[in-house]
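**Student:** This structure is in C-alpha cells; I'll ask about it shortly.
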Amino acid sequence: MSTGKRVLLAKPRGYCAGVDRAVITVEKALEKYGPPVYVRKEIVHNRHVVETLRERGVIFVEETSEVPEGALVVFSAHGVSPAVRAEAQARNLRTIDATCPLVTKVHKEVNRFDREDYDILLIGHEGHEEVEGTAGEAPHRVQLVDTAEDVDKVQVRDPEKVVWLSQTTLSVDETMERVEQLRERFPKLADPPSDDICYATSNRQTAVKAMAPECDLVLVVGSRNSSNSNRLVEVALQAGAKAAHLIDFASEVDEQWLDGVETIGVTSGASVPDVLVLELLDWLSQRGWSDVEEVTTASEKISFALPRELREAKERSQVR
Ligand code: SF4
C-alpha cells in the first residue's frame with residue numbers, strides 16, 4: 001500500500017565543474033608535492049570536503065601572510081585579487097591557482113570595463129570571498145550592490161558609462177530585480193557581455209523550481225557559508241515549497257520537520273559531494289521515504305582542465 005511518502009531528487013545538483021577541478025587540484029598537489037599543502041581560504045565552501053582534505057595534510061589559512069616563505073599555496077575556487085597574488089609573490093610562495101574559470105571570466109570583464117573607464121556596479125554579497133577577489137581587480141572603479149538600499153547609495157561619474165556585473169552564485173531572479181532597480185536610476189546601464197551567474201548556479205535553481213511546488217519540505221545539502229546552497233533554500237520557498245532547510249549532513253535533519261510531510265525534495269549545492277546526498281537518501285529511506293524520483297531539468301557536460309602545474313595527472317577526485 002502506498003504511504004504517500006516520496007522523495008523528489010533534483011538533477012542537476014551537487015558538484016559543478018569548478019568545484020570538481022578545485023578539489024582535484026588540491027588532491028593532485030598533495031600527491032605531487034606531498035603535505036603540507038597550504039590553501040588560502042576554504043578550497044570550496046563545504047565542511048565535509050574541507051575536513052577530508054585537512055586530514056590528508058592540507059593546511060587552510062585565511063591569508064597568504066600565514067604561509068611560510070617559499071611554501072606552496074593553492075588559491076581557492078572563489079578567486080583572489082591582484083593584491084593577494086602580489087603578496088604571495090613578495091613572500092616567494094609557490095602558487096597554484098584553482099580559481100574557477102567562470103570566476104576568472106568575471107575578473108576579465110572587470111579589467112575590460114575598467115580599461116574602458118566605466119563605473120562597475122558589482123551585484124554580490126558583502127564579505128564573500130569571490131566578491132572581494134573580483135572587486136579587487138579595480139577597487140577604484142567597482143561599487144558593490146548587495147541590498148535594494150545599496151542601489152540608492154551608488155554614485156557614478158557618468159551615467160552613460162555604467163555597467164553591472166555579478167557574483168557567479170546569486171539567485172537569478174533576485175539579481176534581475178536588482179538590475180531593474182539599477183536601470184531605473186541609470187537607463188543606459190550596460191549588461192555584462194555574457195551571464196555572470198554561472199551555468200551550475202542557474203541549473204540548480206531551475207531544478208529546484210521545477211520540484212518545489214510539489215514539496216512539503218525541501219532539504220538542501222550544503223554548508224552555511226555556501227552562497228549557492230543558501231540561494232537554493234530561498235528559491236525553493238519562493239517557488240512554493242512549504243518548508244526548506246539547509247543541512248551539512250543527514251544527522252542535522254530535525255525529525256520534527258517531517259511531521260505531516262509526504263513529499264520531500266532533495267538537492268545539494270555546487271560544492272557538495274554526492275556521497276552526502278546518498279547518506280541523506282539512506283536516512284530518509286529508513287524513515288519510510290524510499291520512493292525516489294529524479295526531477296531532471298538539464299544535463300551538464302562541462303569540465304575544466306586542471307591548472308597547468310598539475311595537468312599530467314588526471315584521475316578523478318576521491319573526496320566523494
Ligand atoms: S558554482 Fe559556478 S562559478 Fe562557482 S565554482 Fe562552480 S561552476 Fe565555478
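The values are calculated or read from the model by the stated rules, or taken from the named source; none is laboratory data. Computed from a predicted model, the values in this text were never measured in an experiment. Glycine gets a Cβ as well: all are built from the backbone with ideal geometry, and neighbour counts include every protein chain shown. Note: accessible area is taken over every heavy atom of the protein model, side chains too, but ligands, DNA and RNA are not part of it. Shrake-Rupley method; radii C 1.70, N 1.55, O 1.52, S 1.80 Å.
**Student:** Just the residues that are buried (at least 19 other Cβ atoms within 10 Å of the Cβ) and part of a loop (DSSP other than H, G, I, E, B), please, taken from segment 1-57.
**Tutor:** Passing the criteria: PRO12, ARG13, GLY14, TYR15, CYS16, LYS41, GLU42, ILE43, VAL44, HIS45, ASN46.
**Student:** Still on this structure, please answer the following. Search segment 214-259 for residues being over 18 Å from ASP282 (Cβ atoms) and charged (D, E, K, R), and hand back the single one that is nearest to the chain's Cα centre (by Cα).
**Tutor:** The extreme case among them is ARG231.
**Student:** Which residue pairs have Cβ atoms under 7 Å apart, sit 6 or more places apart or on different chains, and have a first residue in segment 101-121 that is within 14 Å of CYS198 (Cα to Cα) and a second that is of a type in the set (S, T, N, Q) and surrounded by 14 or more Cβ atoms within 10 Å (Cβ to Cβ)?
**Tutor:** Listed by first residue and then by second, the contacts come to LEU102/THR168; VAL103/THR168; VAL106/THR134; VAL106/THR168; HIS107/THR134.
**Student:** Among the residues of segment 115-128, how many are open to solvent by 40 Å² or more (accessible area, probe 1.4 Å) and either part of a loop (DSSP other than H, G, I, E, B) or of a type in the set (Asp, Glu) (or both)?
**Tutor:** 6
**Student:** In the list VAL142, VAL131, which residue meets the criterion of being at pLDDT 95 or above, within 16 Å of the ligand (Cβ to nearest atom), crowded, with 18+ Cβ neighbours inside 10 Å and among the β-branched types (Val, Ile, Thr)?
**Tutor:** VAL131 is the lone residue from the list that is at pLDDT 95 or above, within 16 Å of the ligand (Cβ to nearest atom), crowded, with 18+ Cβ neighbours inside 10 Å and among the β-branched types (Val, Ile, Thr).
**Student:** Would you be able to say whether some residue in segment 195-203 is without any contact (Cβ under 8 Å) to a residue 12 or more places away in the chain and either within 13 Å of the ligand (Cβ to nearest atom) or surrounded by fewer than 17 Cβ atoms within 10 Å (Cβ to Cβ) (or both)? Lay out the reasoning, then the answer.
**Tutor:** To start, the set of residues in segment 195-203 that are without any contact (Cβ under 8 Å) to a residue 12 or more places away in the chain comprises 195.
From what is left, the residues that are either within 13 Å of the ligand (Cβ to nearest atom) or surrounded by fewer than 17 Cβ atoms within 10 Å (Cβ to Cβ) (or both) are 195.
There is at least one residue in segment 195-203 that is without any contact (Cβ under 8 Å) to a residue 12 or more places away in the chain and either within 13 Å of the ligand (Cβ to nearest atom) or surrounded by fewer than 17 Cβ atoms within 10 Å (Cβ to Cβ) (or both).
**Student:** Out of VAL61, VAL67, I need the residue that is away from the ligand (no atom under 16 Å from the Cβ), in contact (Cβ under 8 Å) with a residue 12 or more places away in the chain and buried (at least 22 other Cβ atoms within 10 Å of the Cβ). Which one? First the steps, then the outcome.
**Tutor:** Numbers: VAL61 fails: buried (at least 22 other Cβ atoms within 10 Å of the Cβ).
After ruling out the rest, the residue left standing is VAL67.
**Student:** Of the residues in segment 97-114, how many are part of a loop (DSSP other than H, G, I, E, B) and away from the ligand (no atom under 16 Å from the Cβ)?
**Tutor:** Within segment 97-114, residues that are part of a loop (DSSP other than H, G, I, E, B) and away from the ligand (no atom under 16 Å from the Cβ) number 0.
**Student:** Can you find a residue in segment 196-204 that is touching a helix residue (DSSP H, G or I) at 6+ places or on another chain (Cβ under 7 Å) and more than 14 Å from CYS16 (Cβ to Cβ)?
**Tutor:** Scanning segment 196-204, I find at least one residue that is touching a helix residue (DSSP H, G or I) at 6+ places or on another chain (Cβ under 7 Å) and more than 14 Å from CYS16 (Cβ to Cβ), so the answer is yes.
**Student:** Looking at (1) within 16 Å of the ligand (Cβ to nearest atom); (2) under 30 Å from ALA138 (Cα atoms), which is the only condition TYR38 fails?
**Tutor:** Single failed check for TYR38: (1).
**Student:** While we're here: Of all the strands (runs of 3 or more DSSP E) wholly in segment 235-320, which have at least 2 residues that are of a type outside the set (Asp, Glu), surrounded by 13 or more Cβ atoms within 10 Å (Cβ to Cβ) and within 16 Å of the ligand (Cβ to nearest atom)? Walk me through how you get there before you give the answer.
**Tutor:** On the way: elements: 244-247, 263-268, 292-296.
Those strands (runs of 3 or more DSSP E) span 263-268.
**Student:** Let me ask something additional. Here is a check on your reading of the model: is ASN225 in contact with an Asp or Glu (Cβ under 9 Å, 6 or more places away or on another chain), assigned to a loop (DSSP other than H, G, I, E, B) and either of a type outside the set (Ser, Thr, Tyr) or open to solvent by 10 Å² or more (accessible area, probe 1.4 Å) (or both)?
**Tutor:** Taking the combined requirement at face value, the residue satisfies it.
**Student:** Tell me the residue from VAL208, VAL220, VAL163 that is open to solvent by less than 10 Å² (accessible area, probe 1.4 Å), in contact with a helix residue (DSSP H, G or I) (Cβ under 6 Å, 6 or more places away or on another chain), in a strand (DSSP E or B) and within 30 Å of LYS11 (Cβ to Cβ), please.
**Tutor:** VAL220
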